[in-house]
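To start, the structure itself, in structure tokens.
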Amino acid sequence: MEKITLKTTIQQVLDKYPFALEFFENKNMYCKTCKGKKHETLYYCAVYYGLDPEQFIKELKEFVTKKDRLKKLK
């Protein structure tokens, strides 16, 4: 996965960044047990939960970037 977009599936995010599960759980999204994660896009996920898709993806990217940097420092 080159970059995270609204067309990226939840599973693609979790495959590349397993720690992103924390992000989803903090938003009361239980992606760990959801069977739809394999084909549901981040856009669909945001809309389903009543969130602004653009804001949702921005927050996810910030979370992933921050956690990934911290991980590399360890």
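Rundown of residues vs (1) part of a loop (DSSP other than H, G, I, E, B); (2) in contact (Cβ under 8 Å) with a residue 40 or more places away in the chain, yes/no style:
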{"site": "Cys31", "(1), (2)": "yes, no"}
{"site": "Tyr43", "(1), (2)": "no, no"}
{"site": "Ile57", "(1), (2)": "no, yes"}
{"site": "Thr65", "(1), (2)": "no, no"}
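So, in region 35-55, of the ones that are closer than 12 Å to Ile4 by Cβ and in contact with a Ser or Thr (Cβ under 8 Å, 6 or more places away or on another chain), which residue ends up surrounded by the fewest Cβ atoms within 10 Å (Cβ to Cβ)?
Per the criteria, the residue is Thr41.
If we keep just the residues of region 1-50 that are of a type in the set (Lys, Arg) and farther than 15 Å from Lys61 by Cβ, which is modelled with the lowest pLDDT?
Lys32
If we keep just the residues of region 14-29 that are out of contact with any Leu (no Cβ under 7 Å at 6 or more places or on another chain) and part of a helix (DSSP H, G or I), which is surrounded by the most Cβ atoms within 10 Å (Cβ to Cβ)?
Of everything passing the filter in region 14-29, Phe24 is surrounded by the most Cβ atoms within 10 Å (Cβ to Cβ).
Taking only region 1-57 into account, find how many residues are in contact with an Asp or Glu (Cβ under 9 Å, 6 or more places away or on another chain) and charged (D, E, K, R).
Qualifying residue count for the region: 2.
Look through Lys58, Lys32, Lys72 and report the one residue that is in contact with a helix residue (DSSP H, G or I) (Cβ under 8 Å, 6 or more places away or on another chain), loosely packed, with under 15 Cβ neighbours inside 10 Å and not polar (S, T, N, Q).
Going through Lys58, Lys32, Lys72 in turn, the sole match is Lys32.
The values are calculated or read from the model by the stated rules, or taken from the named source; none is laboratory data. Remember, it's a predicted structure, so these values are computed and weren't measured experimentally. All Cβ positions, glycine included, derive from the backbone under ideal geometry; neighbour counts span all protein chains shown.
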